[in-house]
Amino acid sequence: NAGVTQTPKFQVLKTGQSMTLQCAQDMNHNSMYWYRQDPGMGLRLIYYSASEGTTDKGEVPNGYNVSRLNKREFSLRLESAAPSQTSVYFCASSYDRGGSRGETQYFGPGTRLLVL
Amino acid sequence: LAKTTQPISMDSYEGQEVNITCSHNNIATNDYITWYQQFPSQGPRFIIQGYKTKVTNEVASLFIPADRKSSTLSLPRVSLSDTAVYYCLVGDGNTGGFKTIFGAGTRLFVKA
């Protein structure tokens, strides 16, 4: 199993450009998450999807949209990138509710995004 | 919203036991306490999880007092490869566990 995969690994954007970060998991997990991590900081939850067909906002959703395409895939879209969105983006998945209710989250390798 | 407090950084030497304490005064009744490890340029990796008392696995031990307002991650005989950031997580108590809070974590430096 590949676990959680993310594409691309690196991306440079100009302010105002749009892009979609892709995430896929092959563990038959129900829940998926998008986090961002700024230098020297912890991870902050952007959006999550409790199950296929549902999405909800996390701690820092502004400037992002998500799509839970199917059970395997969860994409994150930046419609109009801003320098403040320069960060490392991690996708994660869990069988059920991750973190506080006892389900381990499995993380992808991350996408490093630079917005100029 | 549940929040955790950890030391920003800790130093240790190879072969020593390292204990990292996390404070979570507002932990909800149903919340588990989970610890993750993150190496540079990688995503976090699950280490250990517990609800109360003591949990031990092949990597670490987790000690949780009766009031559950804190927890201590214990790494026995650390090596250079244990240099990483360690995060303590609890949920927010209100949204079914999805809005977990990572915080800034504890940066552990293991020296030779």
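Across segment A:43-59, which residue is modelled with the highest pLDDT among those that are within 13 Å of chain B (Cβ to nearest Cβ) and part of a loop (DSSP other than H, G, I, E, B)?
Residue satisfying both the conditions and the ranking: A:THR55.
When you go through (1) over 25 Å from A:VAL12 (Cα atoms); (2) more than 11 Å from every other protein chain (Cβ to nearest Cβ) one by one for A:PHE74, which number turns out not to apply?
So the condition that A:PHE74 fails would be (1).
If you take the residues of segment B:84-95 that are surrounded by 16 or more Cβ atoms within 10 Å (Cβ to Cβ) and more than 13 Å from the chain's Cα centre (by Cα), which of them is modelled with the lowest pLDDT?
B:GLY93
Select, from A:ASN62, A:ASN1, A:ASN70, the only residue that is assigned to a loop (DSSP other than H, G, I, E, B) and within 19 Å of B:PHE46 (Cβ to Cβ).
Going through A:ASN62, A:ASN1, A:ASN70 in turn, the sole match is A:ASN1.
I need the full set of residues from segment A:11-33 which are among the hydrophobic types (A, V, I, L, M, F, W, C) and either farther than 13 Å from A:GLY63 by Cα or touching a helix residue (DSSP H, G or I) at 6+ places or on another chain (Cβ under 9 Å) (or both), in order please.
A:VAL12, A:LEU13, A:LEU21, A:CYS23, A:ALA24, A:MET27, A:MET32
Has segment A:82-99 got at least one residue that is out of contact with any strand residue (DSSP E or B) (no Cβ under 7 Å at 6 or more places or on another chain), modelled with pLDDT under 95 and more than 11 Å from chain B (Cβ to nearest Cβ)?
No - not one qualifying residue is present in segment A:82-99.
The values are calculated or read from the model by the stated rules, or taken from the named source; none is laboratory data. These numbers come from a predicted model, not from an experiment. FYI the Cβ positions are ideal-geometry reconstructions off the backbone, even for glycines, and counts take in every protein chain you see.
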